[in-house]
């Protein structure tokens, strides 16, 4: 996940100069991946809390 963000940041300025739409789509894809992992992490935390509370 972190490496994908670093790659997108490294390629960001170059791809922006060439094609703003492509860089926007790339940034959106990275954000969606981060959000997906965040949702998984929250689900795991909630599951652990439920198990501990029982």
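Expressed in nm to one decimal, what extension gain is obtained for the pair residue 51 and residue 37 from 0.36 nm per residue of sequence separation less their Cα-Cα distance?
Separation in residues times 0.36 nm, less the Cα-Cα distance, equals 2.9 nm.
Under a plain spin-label model, where a point goes 7 Å from the Cα along Cα-to-Cβ, how far apart in nm are residue 22 and residue 44?
Between residue 22 and residue 44, the label points sit 3.4 nm apart.
Quick note: the coordinates plus some simple rules give every number you see, no bench work behind them. Here the structure is a predicted model, which means the values were calculated and not measured. As a convention, Cβ positions derive from the backbone with ideal geometry for all residues, glycine included, and neighbour counts pool all protein chains shown.
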